[in-house]
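The values are calculated or read from the model by the stated rules, or taken from the named source; none is laboratory data. Predicted model, so just to flag it, every value in this text is computed and none were measured. Note: ideal-geometry Cβ built from the backbone for every residue, glycine included; neighbour counts use all protein chains shown. Side chains are part of the model used for accessible areas, which takes the heavy atoms of the whole protein and leaves out ligands, DNA and RNA. Shrake-Rupley method; radii C 1.70, N 1.55, O 1.52, S 1.80 Å.
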Amino acid sequence: MRVLALVPGGIDDQLRFFPIVNQLSSEFKTSEITVVVSPEAKDIYSLSKAVTEVVPYTFGVSNSPADKANLLGIVRDRDFDVVLTGTQSWSVAILLWLSGIPTRLGFAGGANNWLLTKTVPLKADQPLSAQYSTLLHQLNVGSPPPPLTINVPQGDIAAVEAMGKAANLEGGYVLAYPGPTHAGDSYPIQAWVSVLKDFQQRQPDLPVVLIQTSATADPVAAIQAQLPSVKTMEPETSGQLAALIAGANLLISVDSYPLYLAKALDVYALGLLGAEEVDAALVTGNGDDQRLVTIASKTGQLADLDPTTVLQTIWSEAA
(Lines give C-alpha, C1' and ligand atoms only; values in the text may rest on other atoms or scores of the structure.)
Protein backbone atom coordinates (compact mmCIF):
# COMPACT_ATOMS: atom_id res chain seq x y z
CA MET A 1 0.00 0.00 0.00
CA ARG A 2 1.26 3.45 -0.90
CA VAL A 3 0.48 6.19 1.60
CA LEU A 4 0.77 9.95 1.17
CA ALA A 5 0.76 12.27 4.19
CA LEU A 6 0.54 16.07 4.08
CA VAL A 7 1.90 17.35 7.39
CA PRO A 8 1.98 21.15 7.84
CA GLY A 9 3.98 22.80 10.59
CA GLY A 10 7.55 22.95 11.83
CA ILE A 11 9.92 20.36 13.26
CA ASP A 12 7.88 19.93 16.45
CA ASP A 13 4.79 19.07 14.41
CA GLN A 14 6.71 16.60 12.26
CA LEU A 15 7.96 14.76 15.33
CA ARG A 16 4.34 14.51 16.46
CA PHE A 17 3.70 12.64 13.23
CA PHE A 18 6.62 10.22 13.61
CA PRO A 19 4.65 7.73 15.77
CA ILE A 20 1.90 7.72 13.12
CA VAL A 21 4.42 7.00 10.38
CA ASN A 22 5.92 4.17 12.42
CA GLN A 23 2.49 2.72 13.10
CA LEU A 24 1.57 2.82 9.41
CA SER A 25 4.81 1.06 8.57
CA SER A 26 4.17 -1.57 11.24
CA GLU A 27 0.50 -2.20 10.41
CA PHE A 28 0.95 -2.30 6.63
CA LYS A 29 4.20 -4.15 6.12
CA THR A 30 4.51 -3.36 2.42
CA SER A 31 3.57 0.30 2.71
CA GLU A 32 5.57 3.01 0.97
CA ILE A 33 5.15 6.31 2.81
CA THR A 34 5.68 9.73 1.24
CA VAL A 35 5.35 12.89 3.33
CA VAL A 36 4.79 16.43 2.07
CA VAL A 37 6.24 18.96 4.54
CA SER A 38 7.45 22.54 4.76
CA PRO A 39 10.97 22.93 3.32
CA GLU A 40 12.42 24.04 6.66
CA ALA A 41 11.20 20.84 8.35
CA LYS A 42 12.21 18.39 5.62
CA ASP A 43 15.55 17.39 7.14
CA ILE A 44 14.01 15.94 10.32
CA TYR A 45 12.87 12.93 8.28
CA SER A 46 16.50 11.85 7.95
CA LEU A 47 15.80 10.39 11.41
CA SER A 48 12.98 8.17 10.16
CA LYS A 49 13.48 4.77 8.54
CA ALA A 50 9.76 4.41 7.83
CA VAL A 51 9.48 7.25 5.31
CA THR A 52 10.29 6.45 1.70
CA GLU A 53 10.24 9.98 0.25
CA VAL A 54 9.99 13.57 1.50
CA VAL A 55 8.49 16.25 -0.75
CA PRO A 56 8.95 19.93 0.22
CA TYR A 57 5.91 22.17 -0.14
CA THR A 58 5.13 25.52 1.46
CA PHE A 59 1.79 25.43 3.26
CA GLY A 60 -0.24 28.46 4.27
CA VAL A 61 0.89 30.81 1.51
CA SER A 62 -0.35 31.66 -1.94
CA ASN A 63 1.53 29.12 -4.02
CA SER A 64 1.86 29.75 -7.71
CA PRO A 65 -0.09 27.62 -10.20
CA ALA A 66 3.24 26.03 -11.15
CA ASP A 67 3.88 24.96 -7.52
CA LYS A 68 0.43 23.39 -7.26
CA ALA A 69 0.75 21.69 -10.63
CA ASN A 70 4.14 20.30 -9.65
CA LEU A 71 2.74 18.81 -6.43
CA LEU A 72 -0.25 17.39 -8.28
CA GLY A 73 2.07 15.80 -10.81
CA ILE A 74 4.14 14.18 -8.07
CA VAL A 75 1.02 12.86 -6.36
CA ARG A 76 -0.43 11.42 -9.56
CA ASP A 77 2.85 9.79 -10.60
CA ARG A 78 3.15 7.79 -7.36
CA ASP A 79 -0.29 6.13 -7.66
CA PHE A 80 -1.11 6.39 -3.94
CA ASP A 81 -3.81 4.28 -2.29
CA VAL A 82 -4.38 6.49 0.77
CA VAL A 83 -3.72 10.10 1.70
CA LEU A 84 -3.77 11.62 5.19
CA THR A 85 -3.83 15.40 5.36
CA GLY A 86 -3.43 17.68 8.36
CA THR A 87 -4.59 20.70 6.37
CA GLN A 88 -8.02 22.29 5.98
CA SER A 89 -7.08 24.27 2.91
CA TRP A 90 -9.42 24.55 -0.07
CA SER A 91 -6.52 24.44 -2.53
CA VAL A 92 -5.05 21.28 -0.96
CA ALA A 93 -8.45 19.59 -0.77
CA ILE A 94 -9.10 20.33 -4.45
CA LEU A 95 -5.63 19.08 -5.36
CA LEU A 96 -6.21 15.80 -3.51
CA TRP A 97 -9.60 15.38 -5.16
CA LEU A 98 -8.03 15.92 -8.57
CA SER A 99 -5.30 13.42 -7.73
CA GLY A 100 -7.73 10.51 -7.86
CA ILE A 101 -6.42 8.90 -4.65
CA PRO A 102 -9.28 6.57 -3.65
CA THR A 103 -9.07 7.03 0.15
CA ARG A 104 -8.64 10.63 1.29
CA LEU A 105 -8.64 11.21 5.06
CA GLY A 106 -8.42 14.46 7.00
CA PHE A 107 -9.93 16.75 9.59
CA ALA A 108 -13.45 18.10 9.15
CA GLY A 109 -13.88 21.68 7.99
CA GLY A 110 -13.90 23.73 4.83
CA ALA A 111 -13.50 21.87 1.57
CA ASN A 112 -12.45 18.70 3.38
CA ASN A 113 -16.11 18.01 4.16
CA TRP A 114 -16.87 17.87 0.44
CA LEU A 115 -13.72 16.59 -1.23
CA LEU A 116 -12.26 14.00 1.15
CA THR A 117 -13.76 10.53 1.47
CA LYS A 118 -13.68 10.53 5.31
CA THR A 119 -13.13 13.21 7.93
CA VAL A 120 -12.82 13.33 11.73
CA PRO A 121 -13.42 16.33 14.00
CA LEU A 122 -10.45 18.55 14.79
CA LYS A 123 -10.37 18.93 18.59
CA ALA A 124 -8.35 21.87 19.85
CA ASP A 125 -8.21 20.45 23.39
CA GLN A 126 -6.33 17.30 22.28
CA PRO A 127 -2.64 16.94 21.44
CA LEU A 128 -1.95 16.93 17.73
CA SER A 129 -0.43 13.45 17.88
CA ALA A 130 -3.66 12.06 19.36
CA GLN A 131 -5.70 13.71 16.63
CA TYR A 132 -3.53 12.21 13.91
CA SER A 133 -4.10 8.85 15.58
CA THR A 134 -7.86 9.22 15.08
CA LEU A 135 -7.25 9.39 11.33
CA LEU A 136 -5.78 5.89 11.51
CA HIS A 137 -9.02 4.61 12.98
CA GLN A 138 -10.50 5.17 9.52
CA LEU A 139 -8.02 2.56 8.25
CA ASN A 140 -9.10 0.10 10.95
CA VAL A 141 -5.99 0.78 13.00
CA GLY A 142 -7.33 0.99 16.53
CA SER A 143 -4.25 0.51 18.68
CA PRO A 144 -2.52 3.58 20.16
CA PRO A 145 0.53 4.85 18.30
CA PRO A 146 3.94 3.71 19.56
CA PRO A 147 6.33 6.00 21.44
CA LEU A 148 8.48 8.41 19.47
CA THR A 149 11.56 6.67 18.12
CA ILE A 150 14.27 7.93 15.79
CA ASN A 151 17.26 6.57 13.89
CA VAL A 152 20.45 8.65 13.86
CA PRO A 153 22.55 8.20 10.69
CA GLN A 154 26.05 6.90 11.33
CA GLY A 155 27.58 9.73 9.31
CA ASP A 156 26.04 12.30 11.64
CA ILE A 157 27.25 10.41 14.71
CA ALA A 158 30.79 10.38 13.32
CA ALA A 159 30.64 14.10 12.48
CA VAL A 160 29.52 15.03 16.00
CA GLU A 161 32.18 12.82 17.56
CA ALA A 162 34.79 14.73 15.56
CA MET A 163 33.26 18.07 16.57
CA GLY A 164 33.22 17.01 20.21
CA LYS A 165 36.84 15.94 20.10
CA ALA A 166 37.86 19.28 18.63
CA ALA A 167 35.92 21.10 21.37
CA ASN A 168 37.35 18.92 24.18
CA LEU A 169 33.97 17.44 25.06
CA GLU A 170 35.05 13.82 25.22
CA GLY A 171 34.59 13.75 29.01
CA GLY A 172 30.92 14.67 28.73
CA TYR A 173 28.91 17.88 28.73
CA VAL A 174 25.65 19.54 29.73
CA LEU A 175 23.64 20.71 26.74
CA ALA A 176 21.14 23.58 26.77
CA TYR A 177 18.59 24.73 24.20
CA PRO A 178 17.71 28.40 24.92
CA GLY A 179 15.44 28.77 21.89
CA PRO A 180 11.67 29.29 21.70
CA THR A 181 9.04 26.73 22.59
CA HIS A 182 6.79 25.29 19.89
CA ALA A 183 4.32 28.02 20.91
CA GLY A 184 6.92 30.78 20.50
CA ASP A 185 7.59 31.50 24.20
CA SER A 186 11.12 31.94 25.56
CA TYR A 187 12.83 31.49 28.91
CA PRO A 188 14.42 34.82 29.98
CA ILE A 189 18.14 35.32 29.33
CA GLN A 190 18.88 36.18 32.96
CA ALA A 191 17.13 33.02 34.09
CA TRP A 192 19.29 30.97 31.73
CA VAL A 193 22.41 32.74 33.00
CA SER A 194 21.47 31.98 36.62
CA VAL A 195 20.91 28.29 35.90
CA LEU A 196 24.01 27.77 33.78
CA LYS A 197 26.29 29.83 36.04
CA ASP A 198 25.28 27.75 39.05
CA PHE A 199 25.96 24.60 37.06
CA GLN A 200 29.44 25.81 36.15
CA GLN A 201 30.20 26.60 39.77
CA ARG A 202 29.04 23.21 41.05
CA GLN A 203 30.44 21.13 38.16
CA PRO A 204 33.47 23.09 36.91
CA ASP A 205 34.90 20.09 35.06
CA LEU A 206 31.73 19.45 33.06
CA PRO A 207 31.45 21.85 30.10
CA VAL A 208 28.19 23.64 29.40
CA VAL A 209 27.29 23.72 25.70
CA LEU A 210 24.61 25.81 24.01
CA ILE A 211 22.85 24.52 20.90
CA GLN A 212 23.45 27.09 18.16
CA THR A 213 20.71 27.32 15.51
CA SER A 214 19.08 30.15 13.61
CA ALA A 215 16.39 30.22 16.32
CA THR A 216 18.90 30.47 19.18
CA ALA A 217 21.41 32.91 17.68
CA ASP A 218 20.30 35.91 19.76
CA PRO A 219 19.89 34.17 23.14
CA VAL A 220 23.16 32.27 22.68
CA ALA A 221 25.02 35.53 22.03
CA ALA A 222 23.36 37.17 25.05
CA ILE A 223 24.22 34.26 27.35
CA GLN A 224 27.82 34.08 26.14
CA ALA A 225 28.22 37.80 26.74
CA GLN A 226 27.72 37.09 30.46
CA LEU A 227 29.17 33.58 30.56
CA PRO A 228 32.07 33.61 28.06
CA SER A 229 33.30 30.15 29.11
CA VAL A 230 30.11 28.51 27.85
CA LYS A 231 30.73 26.62 24.62
CA THR A 232 28.52 26.44 21.54
CA MET A 233 27.92 23.70 19.01
CA GLU A 234 26.16 24.29 15.70
CA PRO A 235 24.83 21.05 14.18
CA GLU A 236 24.39 21.22 10.43
CA THR A 237 21.64 18.59 10.19
CA SER A 238 18.87 17.12 12.30
CA GLY A 239 20.96 13.97 12.57
CA GLN A 240 23.89 15.91 13.98
CA LEU A 241 21.59 17.58 16.50
CA ALA A 242 20.28 14.19 17.58
CA ALA A 243 23.82 12.85 17.89
CA LEU A 244 24.84 15.89 19.93
CA ILE A 245 21.92 15.28 22.29
CA ALA A 246 22.69 11.57 22.49
CA GLY A 247 26.21 12.32 23.73
CA ALA A 248 25.13 14.73 26.48
CA ASN A 249 25.10 13.92 30.18
CA LEU A 250 22.05 16.16 30.51
CA LEU A 251 19.89 18.32 28.25
CA ILE A 252 18.08 21.38 29.62
CA SER A 253 15.45 22.59 27.18
CA VAL A 254 12.18 24.42 26.87
CA ASP A 255 9.19 22.54 25.43
CA SER A 256 10.53 22.13 21.91
CA TYR A 257 11.93 19.51 19.55
CA PRO A 258 15.34 19.00 21.29
CA LEU A 259 13.43 17.83 24.37
CA TYR A 260 11.46 15.33 22.27
CA LEU A 261 14.65 14.06 20.66
CA ALA A 262 16.20 13.57 24.09
CA LYS A 263 13.21 11.49 25.15
CA ALA A 264 13.42 9.36 22.01
CA LEU A 265 17.15 8.84 22.66
CA ASP A 266 16.66 8.03 26.36
CA VAL A 267 18.93 10.90 27.43
CA TYR A 268 18.64 12.54 30.85
CA ALA A 269 16.71 15.77 30.28
CA LEU A 270 15.00 18.58 32.17
CA GLY A 271 12.08 20.22 30.39
CA LEU A 272 11.16 23.80 31.27
CA LEU A 273 7.44 24.28 30.70
CA GLY A 274 5.11 27.23 30.82
CA ALA A 275 2.25 24.98 31.90
CA GLU A 276 1.64 21.38 32.90
CA GLU A 277 0.34 20.44 29.46
CA VAL A 278 2.82 18.65 27.22
CA ASP A 279 2.20 16.21 24.39
CA ALA A 280 2.29 12.85 26.15
CA ALA A 281 3.02 10.97 22.93
CA LEU A 282 6.37 12.75 22.71
CA VAL A 283 7.54 12.53 26.32
CA THR A 284 6.17 9.31 27.82
CA GLY A 285 6.22 5.58 27.33
CA ASN A 286 9.71 5.10 25.91
CA GLY A 287 12.39 3.58 28.09
CA ASP A 288 13.06 4.82 31.61
CA ASP A 289 10.63 7.70 32.19
CA GLN A 290 12.75 8.96 35.06
CA ARG A 291 15.33 10.17 32.56
CA LEU A 292 12.99 13.00 31.60
CA VAL A 293 11.87 15.42 34.31
CA THR A 294 9.61 18.35 33.51
CA ILE A 295 8.99 21.41 35.64
CA ALA A 296 6.14 23.82 34.97
CA SER A 297 5.64 27.44 35.94
CA LYS A 298 3.02 27.93 38.64
CA THR A 299 1.52 30.82 36.68
CA GLY A 300 1.41 29.00 33.35
CA GLN A 301 3.93 31.48 31.92
CA LEU A 302 7.40 30.17 31.07
CA ALA A 303 8.98 33.53 31.91
CA ASP A 304 7.77 33.15 35.52
CA LEU A 305 9.56 29.85 36.12
CA ASP A 306 11.96 30.63 38.98
CA PRO A 307 15.61 29.67 38.26
CA THR A 308 15.95 28.69 41.93
CA THR A 309 13.20 26.12 41.46
CA VAL A 310 14.91 24.84 38.32
CA LEU A 311 18.21 24.45 40.17
CA GLN A 312 16.56 22.70 43.10
CA THR A 313 15.05 20.22 40.69
CA ILE A 314 18.40 19.58 38.97
CA TRP A 315 20.35 18.98 42.12
CA SER A 316 17.63 16.97 43.84
CA GLU A 317 17.53 14.65 40.82
CA ALA A 318 21.33 14.43 40.82
CA ALA A 319 21.46 13.50 44.51
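Couple of notes before you dig in:
- In this simple spin-label model, placing a label point 7 Å from the Cα along the Cα-to-Cβ direction at both residue 313 and residue 98 gives a separation of 4.9 nm.
- Gain on full extension, evaluated as 0.36 nm per residue between residue 53 and residue 217 minus their Cα-Cα distance, stands at 56.0 nm.
- Degrees, to the nearest 10: 128-137 long Cα axis against longest axis of the chain: 30 degrees
- Loop-exposed GluC sites (Glu not before Pro) per DSSP, neighbour cap 13 Cβ within 10 angstrom, longest uninterrupted part of the chain: 1-169
- Packing here is the average count of other Cβ atoms within 10 Å per residue, and on that basis the peptides 292-298, 88-94, 121-127, highest first, run 88-94, 292-298, 121-127.
- Measuring nothing but how far apart in sequence close Cα pairs (under 8 Å, 6+ apart) lie, relative to its length, region 74-201 scores a relative contact order of 14 percent.
- All-pairs Cα distance distribution in region 120-264, expressed in whole percent, bin size 5 Å: 2, 9, 17, 18, 17, 12, 9, 7, 5, 3, 1, 0
- Hz values of 3J(HN,Hα) by residue in region 44-59 - Karplus curve (6.51, -1.76, 1.60), Gly and Pro given as x: 4, 6, 5, 8, 10, 8, 7, 8, 7, 8, 10, 10, x, 7, 8, 8
- Near residue 292, the amide H atoms lying under 5 Å from its own belong to 269; only residues 5 or more places off or on other chains count, and H is placed 1.01 Å from N.
- Bridge type composition, the chain - antiparallel percent by DSSP, nearest 5: 0 percent
- Put simply, the amide H of residue 36, placed in the peptide plane, has neighbours under 5 Å in 5, 6, 7, 55, leaving out anything fewer than 5 places away on its chain.
- Pair-distance profile P(r), taking every C-alpha pair of the chain, with 10 angstrom steps and integer %: 6, 26, 31, 22, 12, 4, 0
- Of 145, 86, 175, farthest towards positive along the dipole that unit charges on Lys, Arg, Asp, Glu beta carbons give region 51-199: 86
- Nearest-ten-degree value, helix 154-166 long axis tilted from longest Cα axis of the chain: 20 degrees
- Of the whole protein surface, residue 28 contributes about 50 Å² of accessible area at a 1.4 Å probe radius.
- Residue-normalised accessible area of the chain, expressed per residue, 1.4 Å probe, Å²: 45 Å²
- 3J(HN,Hα) couplings calculated from phi for region 64-73 with the Karplus curve 6.51 cos²θ - 1.76 cosθ + 1.60 (θ = phi - 60°) are, in sequence order, 6, x, 5, 4, 5, 5, 5, 5, 4, x Hz; Gly and Pro show x.
- Theoretical FRET efficiency, 1/(1+(r/R0)^6), r = Cβ-Cβ of residue 81 and residue 108, R0 22 Å, to 0.05: 0.50
- Summarising the label geometry, the points placed 7 Å from Cα in the beta-carbon direction at residue 118 and residue 137 lie 1.1 nm from one another.
- 20 Å Cα cut-off, lysine pairs counted over the chain (separation 8 or more, or different chains): 5
- Helix-derived mean residue ellipticity, 222 nm - over the chain, DSSP H n ≥ 4, -39500 (n - 2.57), to 500: -12000 deg cm²/dmol
- Summing Cβ point charges (Lys, Arg +1; Asp, Glu -1) relative to the Cα centre of the chain gives a dipole of roughly 640 debye.
- When a 1.4 Å probe is rolled over the protein heavy atoms, the share of accessible surface on region 1-154 that falls to carbon and sulfur comes to 52 percent.
- Between the helical axis of 307-318 and the longest alpha-carbon principal axis of the chain there is an angle of about 90 degrees.
- Along region 17-32 the Karplus relation, 6.51 cos²θ - 1.76 cosθ + 1.60 evaluated at θ = phi - 60°, assigns HN-Hα couplings of 8, 3, x, 5, 4, 5, 5, 4, 5, 6, 6, 10, 4, 9, 5, 10 Hz to successive residues, with x for each Gly and Pro.
- Radius, Kirkwood style, for region 1-150 when every pair of distinct Cα atoms is counted (Å): 15.3 Å
- Taking the chain and dividing mean pair separation by its residue count, relative contact order in percent (alpha carbons under 8 Å, at least six apart): 15 percent
- The listed residues 214, 26, 31, once ranked by accessible area (1.4 Å probe) with the largest placed first, stand as 214, 26, 31.
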